Amino acid sequence: MVQHGARDTMKITNAYVNVTSPGRNFVRLKIETDEGIYGLGDSTLNGRELAVASYLTDHVIPCIIGRDPFQTEDIWQYLYRGAYWRRGPVTMAAIGAVDVALWDIKGKALQTPVYNLLGGKSREGVLVYGHATGKDKDHALEDVARHKEMGYKAVRVQSGIPGLEATYGIAKGAGGYEPAERGLPSEYEWSSELYLRHVPKLFARVREVFGDELHLLHDCHHRLTPIEAGRLGKELEPFHLFWMEDPTPAELQEGFRIIREHTTTPIAVGEVFNSIWDGHDLIRNQWIDYLRMAPSHGGGLTPLKKAADFAELYHVRSGLHGATDLSPVTMAASLHFDTAIHNFGIQERMPHSAETDAVFPHHYSFKDGKMFPGDEPGLGVDLDEALAAKYPYQRAYLPINRKLDGTLTDW
Ligand code: EZ4
Ligand code: CO
């Protein structure tokens, strides 16, 4: 193999996209080089998968053939600035896949795990939170107990709301919930009034049963107005949440000032962000505590490292999105990132199905409430293409949520 350092320039020779659906859809990019080393990226955009696949195949891949895969900064800028049309979830998921694949190649070429390229180990293992859900309070409590038994030190708790048929984020059967559902979008109903009445009672019970030690988190899925979120945060203060997530849609960043003025419950935002500019005001005004943008949706590891360094100046820590629509490639990239950055907070973990894990063999692991990226060169994740081909794409969407009067919720 060529010695890297004073090395000959490696070249990207080929790249292609696989869309596979082992239980749910994933879009994976593979970039190959003239040295036989390849890298993987994830550009899964839940419910809009084929748009990103086309963006990559039709518009991005032809532009990167022949380039030096070590030039992560220049290639990122080339794809971001060069497109003229900046940002947006489709563009940034595509650029993110290229960037992550290039870091994977760089790690393999230098024979070192990606965390060493991002600053080296700042910690052994990263704290993760799991999802406890239940159709009502009692079932949610049972699921919290189950998560404690599995070793989790931090648990997100969601439950069905009395008076509402079905709620997003709650498992329908046994096991976890899956954000996307096959076929056309299903519809759920929503009432902020009923929700706000219920959630403080849920957390009062959780603290009563499980004590003060366990970290508790909650996701509002962008459904509240800022003043409603302020009320909820205030009522949750006695239960010392690790965070309250996505209390309100974040297009209006100054809306978060109202929440901040009313509560000390920490706030996490950013799973739908695709650029630092989506959260620039939130960070510099110290209106949030945790940034959730993950490498796949946020345009890759290159911009995410810059976002983390910017956030660090304002005491904002990371809390990367890690739902099942983020493929094992993104989970691996996130774990290398979490291991290396100084201002790591917590990492979301929604385990993938056994089917998905078989399609994406990986070296990361979970033990005693923490995850470990493994020490393989690069990301330490692969795609079994023959197995992936057995699961063709199937149309699937995130559900739609309507208020009781029929109008759509903000999200
Ligand atoms: O709704 O991943 O915190 N996790 C979440 C997820 C998201 C989905 C969107 O694709 O809010 O369930
Ligand atoms: Co969320």
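Every residue in the range 305-323 that is crowded, with 24+ Cβ neighbours inside 10 Å and within 13 Å of ligand 1 (Cβ to nearest atom), please.
Gly319, Leu320, His321, Gly322 - these are the residues of the range 305-323 that are crowded, with 24+ Cβ neighbours inside 10 Å and within 13 Å of ligand 1 (Cβ to nearest atom).
Within the range 357-373, track down each residue that is surrounded by fewer than 18 Cβ atoms within 10 Å (Cβ to Cβ) and either in contact (Cβ under 8 Å) with a residue 60 or more places away in the chain or among the acidic types (Asp, Glu) (or both).
Asp357, Ala358, Phe366, Lys367, Asp368, Phe372
Is there any pair linking a residue in the range 230-250 that is over 15 Å from Val157 (Cα atoms) and within 16 Å of ligand 2 (Cβ to nearest atom) to one that is open to solvent by 10 Å² or more (accessible area, probe 1.4 Å) and at pLDDT below 95, with Cβ under 9 Å and at least six apart or on different chains, and which?
Thr248/Asp410; Pro249/Asp410; Pro249/Trp411
Answer with yes or no whether Arg231 is out of contact with any helix residue (DSSP H, G or I) (no Cβ under 7 Å at 6 or more places or on another chain), at negative phi and either of a type in the set (Ser, Thr, Tyr) or open to solvent by 50 Å² or more (accessible area, probe 1.4 Å) (or both).
No; evaluated as a whole, the condition is false for this residue.
Is it the case that Gly299 is surrounded by 24 or more Cβ atoms within 10 Å (Cβ to Cβ) and at positive phi?
yes
Hey, among the residues in the range 1-17 that are at pLDDT 95 or above and open to solvent by 30 Å² or more (accessible area, probe 1.4 Å), which one's farthest from Ala396 (Cα to Cα)?
For the range 1-17, the residue satisfying everything is Lys11.
Hey, does the range 138-152 have a residue that's more than 24 Å from Lys367 (Cα to Cα) and either at pLDDT 95 or above or not in a loop (DSSP other than H, G, I, E, B) (or both)?
Yes; the residues of the range 138-152 include at least one that is more than 24 Å from Lys367 (Cα to Cα) and either at pLDDT 95 or above or not in a loop (DSSP other than H, G, I, E, B) (or both).
Find all pairs meeting these conditions: Cβ atoms under 9 angstrom apart; at least six residues apart or on different chains; first residue within the range 176-187 and at negative phi; second residue away from ligand 1 (no atom under 13 Å from the Cβ) and outside any loop (DSSP other than H, G, I, E, B).
If the second residue must be away from ligand 1 (no atom under 13 Å from the Cβ) and outside any loop (DSSP other than H, G, I, E, B), the pairs left are Glu187/Arg402.
Name the single residue that is nearest to ligand 1 (Cβ to nearest atom) among those in the range 230-247 being over 15 Å from Leu196 (Cα atoms) and not aromatic (Phe, Trp, Tyr).
Leu241
The values are calculated or read from the model by the stated rules, or taken from the named source; none is laboratory data. Note that this is a predicted model, so its numbers are computed, not measured. We place every Cβ from the backbone using ideal geometry, glycine too, and count neighbours over all the protein chains shown. All accessible areas refer to the heavy atoms of the entire protein, side chains included, with ligands and DNA or RNA removed. Shrake-Rupley method; radii C 1.70, N 1.55, O 1.52, S 1.80 Å.
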